[in-house]
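Below: the structure, in structure tokens.
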Amino acid sequence: MKLRNALSAALLAAASVAAPMAVAPAAHADTLICDQYGSTTIGGRYVVMNNRWGSSAQQCINVTGSGFRIQTQQGSTSGGAPLSYPAVYLGCHYSNCSPGSPLPRQLSRIGSVPSSISYNYVGNSVFDASYDIWMDPTAKTNGVNQMELMIWFNRVGGVQPVGGRVGTTSIGGRGWEVWQGNNGGNDVVSYVAQSTISGWSFNVMDFVNDVDNRTRVDRSWYLTSIQAGFEPWRGGVGLAVNSFSASVN
């Protein structure tokens, strides 16, 4: 994830950019990744990244044919930024683009973005389960985008998104707290589920359109990547993305 100032956890829960990452061979059987920025591809369509951007402690993920599981997590922090953002994504992240990526694509050229996600949660951990959507005024494939849209499916341990709560809304038939802020590198709008969601199929553009109504984002901007994973502060072994899919129509 992005680098941020060492502020309180309440202000630093939305990081998801890291330095350029090492790329491992495509995963066929389960693949263990312990390299700080190691990654691999699954399904000939998505990238899975370890992305241990906020800690020097070891983190390993076991990559399956449809997602990943955190297998080792030796780091711990009681405040400030999370340890990492292991995730699976469609699109481009620091020049590492998913195979045959349909992104970046201008929002005006997108009709719908159907996506499906299934998470596995564990106890005795502090984390959020975050689905990140990145947008920029240019067709950017490297570096930090200007807008991060986060969908928090779950949060445990009192962590909060960047900025402050600005209200509530209903999207996709579910209720959400809405938070807005800036982490020093980009704007962030976060949608926090009012009750835990373990799995869901939805249209990403429903959230993008809401951000369009709230911020400077407009239809000339580009959708650059769609990512689903976890931000752990403590523990996290066993947290998993069981499955992930997304397509751009």
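The values are calculated or read from the model by the stated rules, or taken from the named source; none is laboratory data. All of these numbers come straight from a predicted model, not from anything done at the bench. Please note: Cβ atoms are built from the backbone with ideal geometry, for glycine as well, and neighbour counts cover all protein chains shown. Side chains included, ligands, DNA and RNA excluded: accessible areas come from the protein's heavy atoms. Shrake-Rupley method; radii C 1.70, N 1.55, O 1.52, S 1.80 Å.
Ordered by packing density, taken as the mean number of other Cβ atoms within 10 Å over each peptide's residues, highest first, how do 62-69, 118-125 rank?
Details: 62-69: 20.4, 118-125: 15.5.
Packing order, densest peptide first, comes out as 62-69, 118-125.
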Which three lengths, in whole Å and largest first, does the range 41-189 cover when its Cα atoms are put on their principal axes?
-> 43, 39, 32
Cα-projected label distance for R219 with T72, points at 7 Å along beta-carbon direction, nm = 5.1
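For the chain, what is the accessible area per residue in Å², given a 1.4 Å probe and the full set of protein chains?
On a per-residue basis, 36 Å².
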Please give the residues of the range 106-123, grouped as numeric ranges, whose backbone N is less than 13 Å from a label point set 7 Å along the Cα-to-Cβ vector of D206.
-> 113-117
tail above 15 Å in the computed P(r) of the range 164-211, as % of all Cα-Cα pairs, reads 48
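Express the Stokes-Einstein translational diffusion coefficient of the range 203-249 in µm² s⁻¹, to the nearest whole number, given a Kirkwood radius over alpha-carbon pairs, 37 °C and a viscosity of 0.692 mPa s. Working shown, then result.
On the way: Rh = 13.5 Å.
Once the numbers are plugged in, D ends up at 243 µm²/s.
Please state, rounded to one decimal and in Å, the Kirkwood hydrodynamic radius that the chain gives when every pair of distinct Cα atoms enters the mean of 1/r. Write down the numbers at each step before the final one.
Working: mean 1/r = 0.0572 Å⁻¹.
Value: 17.5 Å, from the Cα pair sum.
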³J(HN,Hα), Karplus 6.51/-1.76/1.60, whole Hz, each residue of the range 58-73, x for Gly, Pro = 6, 9, 10, 10, 9, 8, 9, x, 10, x, 7, 9, 6, 9, 9, 9
Under 5 Å from the placed amide H of I171, counting only residues 5+ away or on other chains, we find W176
